[in-house]
Amino acid sequence: MLDQAAHAELGFAEAVATADAAASDEVALHATLGALIELAEKTLQQGGPVAAVLEADGFGAASIERYTALRTKLATSHETTRGAAGNGPVTQAELDAQDGALLVYMRGLRETFRALRQTDPRAPALIVRATGSYFGRRTRAS
């Protein structure tokens, strides 16, 4: 939205480019979103040609609130999920337990699809493709 309004005032495109820094991680993304929201809010408060274009496009105080809430939600989601991965090395026993749980679920799904195919032959067959492509027949290039 800010990029589209940049043509309305000389120098505003540079301000948008400065605020819109490349975000390579969650900290940079949070900072970039904050800078863009701050720029939009300041522009709307000051008025002028860019503010007029933004308001004509339906971008106003409600939009600022919505983007601020999204930025907060992004930060909260990151804090909530950041410990989910990378808890150190996984033991073979933990890996085997997860593999076993997955196999139980896969078996249940396959049995469900087999039962469904008995009542309705048009139902798709559930086949394992990942291991099939690995262990299946392949033609060798000469």
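Defining a contact as two alpha carbons under 8 Å apart and six or more residues distant in sequence, what relative contact order in percent does the range 2-81 show?
Values: 55 pairs, mean separation 23.9, N = 80.
Relative contact order for the range 2-81 comes out at 30 percent.
Given all pairs of different Cα atoms, what value in angstroms does the Kirkwood hydrodynamic radius of the range 2-81 take?
13.2 Å
For Glu111 and Lys42 in one chain, what is 0.36 nm times their gap in residues minus the Cα-Cα distance, to one decimal in nm?
Between Glu111 and Lys42, full extension yields an extra 18.8 nm.
Read-outs: derived from the displayed coordinates by stated rules, not from any lab. In this text, all values refer to a predicted model and were calculated from it rather than measured experimentally.
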